[in-house]
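One structure is given here, and the rest of the page talks about it.
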Amino acid sequence: MATLRKVGVEEELLLVDPETGELASAAGHVLHEHRTEQGGGERPSAQELEGELQRHMVETHTDPTSDLAQIGRELREARRTASVAAEESGLELAAVAIPPLGPSEPAVSTNPRYERIVHEFGVIGRQAGTLGMHVHVDIADDDEGVRVIDGLRPWLPLLIALSGNSPYAAGEDTGYASWRYQLWGRWPSAGSAEPFGTVAEYRRVSEALIRNAAALDPGMLYFDARLAEQYPTLEIRVADTCTELDDALVVVALARALVESLARDTPAEMPIRSELVRAAAWRASRDGLAGDLVHPLTWEPVSAFDAVDVLVDRVSSALADAGDADLVSDGLARLRATGNGARRQRAAYERSGDLRQVVADLVARTRASIED
């Protein structure tokens with residue numbers, strides 16, 4: 001059997017005021033307390049926290065590994081690290097993709113690059129308080145990476161649907177399972193890109209976007225899937241932060257299996273029009289697993305899990321080779337029964353009629369994910 005591709009995961013987590021349930025713009029204090037407590041020296045990635053554009057979020061990351069069980073352990077440890085740091089600052093932690101409550105324009109972190117982003121991009125930057133999960137998958141080289149990026153286009157909407165965990169924003173139901181994906185799409189470099197074909201074309205387009213001020217630098221190339229600048233990986237950026245770690249691992253397993261499958265065999269077929277890819281992503285963002293999705297091969301509307309079954313069939317060999325078939329099968333059975341994170345948030349609201357109780361439920365389930 002071929003060597004399994006390593007994966008690494010970055011997860012953005014929300015800081016919450018325990019009294020009001022609103023976002024807490026206190027990442028600077030949390031990070032200071034964390035670094036003071038931890039002291040100097042080398043530590044595992046799961047014990048490191050980083051700041052982000054907005055001050056209500058912290059970012060965690062795992063070390064690269066081919067073992068998804070280890071990814072699960074490191075994600076749990078990273079959440080525990082973030083939770084302890086939040087509690088030391090009198091705050092709570094929630095794994096969610098948008099703050100359900102709180103102001104529409106959170107506070108921007110004190111950082112020259114972040115301040116320049118807000119200066120250049122205005123309200124898009126000021127309101128970019130979304131929280132996502134980014135999956136890095138090893139690639140052999142940039143040529144393989146670009147070939148896989150092109151092949152991923154029809155499949156990524158299904159990962160949006162599975163991970164959807166942001167139905168509420170600024171105190172109201174948005175009507176979407178992943179409102180995060182809609183907000184993120186306002187960045188001029190975000191979303192599904194046209195097929196690149198070659199590394200040279202990928203670089204040419206990237207440089208043109210930067211030259212034309214659609215991105216400050218390569219770090220702001222927010223394609224749904226991109227070549228990582230610092231690592232020999234392809235980075236998939238479509239997923240919401242999931243409250244349940246089991247949901248996150250299903251997305252990670254399918255992401256790796258897609259990369260492996262497309263690297264083995266990228267079909268020579270007519271390029272899919274970007275209008276159709278955008279429509280598929282929009283529908284996945286709106287409906288999640290609760291309605292129809294766009295079939296990734298026929299481009300006809302089908303039930304959500306019929307579309308997901310097409311994905312699983314496409315990557316079944318890669319899942320089996322990685323030993324991830326049962327993890328995905330069990331995870332999808334759970335998602336069929338309970339729905340994705342957006343459905344669970346709405347269920348919490350149906351029980352209470354109070355968005356503060358939705359936040360409390362998110363905090364409680366995040367805490368439970370640490371304790372498992």
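The values are calculated or read from the model by the stated rules, or taken from the named source; none is laboratory data. Everything numeric here is computed off the predicted structure, so don't read it as measured data. Here Cβ is always computed from backbone atoms with ideal geometry, including for glycine, and neighbour counts include all displayed protein chains. We work out accessible area using only protein heavy atoms, side chains counted, and drop any ligands, DNA or RNA first. Shrake-Rupley method; radii C 1.70, N 1.55, O 1.52, S 1.80 Å.
Check region 142-156 and report whether any residue there is farther than 23 Å from T60 by Cα, in contact with a Gly (Cβ under 7 Å, 6 or more places away or on another chain) and open to solvent by less than 30 Å² (accessible area, probe 1.4 Å). Taking every residue of region 142-156 in turn, none turns out to be farther than 23 Å from T60 by Cα, in contact with a Gly (Cβ under 7 Å, 6 or more places away or on another chain) and open to solvent by less than 30 Å² (accessible area, probe 1.4 Å).
Scanning region 297-313 for residues that are among the small types (G, A, S) and buried (at least 21 other Cβ atoms within 10 Å of the Cβ) returns A304, A307. Candidates in region 13-31 are the residues that are open to solvent by less than 20 Å² (accessible area, probe 1.4 Å) and either within 21 Å of the chain's Cα centre (by Cα) or among the small types (G, A, S) (or both); of these, the one that is nearest to P103 (Cα to Cα) is A24. Against the numbered list (1) more than 17 Å from V96 (Cβ to Cβ); (2) modelled with pLDDT of 95 or more; (3) open to solvent by 50 Å² or more (accessible area, probe 1.4 Å), V294 comes up short only at (3). Of the residues making up region 279-308, not one is in a loop (DSSP other than H, G, I, E, B), within 21 Å of R344 (Cα to Cα) and of a type in the set (D, E).
What about L162, is it surrounded by 22 or more Cβ atoms within 10 Å (Cβ to Cβ) and of a type outside the set (S, T, Y)? Yes.
Do you know which residues across region 353-372 are surrounded by fewer than 18 Cβ atoms within 10 Å (Cβ to Cβ) and at pLDDT below 95? Those that are surrounded by fewer than 18 Cβ atoms within 10 Å (Cβ to Cβ) and at pLDDT below 95: E371, D372. Counting residues in region 341-355 that are part of a helix (DSSP H, G or I), more than 30 Å from G90 (Cα to Cα), among the hydrophobic types (A, V, I, L, M, F, W, C) and in contact (Cβ under 8 Å) with a residue 60 or more places away in the chain gives zero.
From L31, L23, L13, grab the single residue that is modelled with pLDDT of 95 or more and either over 20 Å from L234 (Cβ atoms) or of a type in the set (F, W, Y) (or both).
Working: L31 fails: modelled with pLDDT of 95 or more; L23 fails: modelled with pLDDT of 95 or more.
Exactly one residue qualifies, and that residue is L13.
Number of residues in region 190-203 that are loosely packed, with under 13 Cβ neighbours inside 10 Å and either touching a Lys or Arg at 6+ places or on another chain (Cβ under 7 Å) or without any contact (Cβ under 8 Å) to a residue 40 or more places away in the chain (or both): the value is 1. In region 94-124, the qualifying residues are those that are surrounded by fewer than 24 Cβ atoms within 10 Å (Cβ to Cβ) and touching an Asp or Glu at 6+ places or on another chain (Cβ under 9 Å), and the one that is farthest from E11 (Cα to Cα) is V123.
In region 314-331 there is at least one residue matching the filter, namely being outside any helix (DSSP H, G or I) and surrounded by 22 or more Cβ atoms within 10 Å (Cβ to Cβ). Within the option set S369, S329, S352, being of a type in the set (S, T, Y), more than 22 Å from the chain's Cα centre (by Cα) and on the phi < 0 side of the Ramachandran plot holds for one residue only, S352.
Okay, residues lined up against (1) open to solvent by less than 10 Å² (accessible area, probe 1.4 Å); (2) at positive phi; (3) part of a loop (DSSP other than H, G, I, E, B):
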site: V58; (1), (2), (3): yes, no, no
site: G72; (1), (2), (3): yes, no, no
site: R80; (1), (2), (3): no, no, no
site: G90; (1), (2), (3): no, yes, yes
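This table checks each residue for (1) over 25 Å from S329 (Cβ atoms); (2) touching a residue at least 60 places away in the same chain (Cβ under 8 Å); (3) open to solvent by 10 Å² or more (accessible area, probe 1.4 Å); (4) under 17 Å from the mean Cα position of the chain (by Cα).
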site: V205; (1), (2), (3), (4): yes, no, yes, no
site: I210; (1), (2), (3), (4): yes, no, yes, no
site: L216; (1), (2), (3), (4): yes, yes, yes, no
site: V238; (1), (2), (3), (4): no, yes, no, yes
site: C242; (1), (2), (3), (4): no, yes, no, yes
site: A255; (1), (2), (3), (4): no, yes, no, yes
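Within region 268-291, the residues that satisfy the criterion of being open to solvent by 60 Å² or more (accessible area, probe 1.4 Å) and either of a type in the set (G, A, S) or within 24 Å of A190 (Cα to Cα) (or both) are A268, M270, P271, R273, E275, L276, R278, W282, R283, R286, A290.
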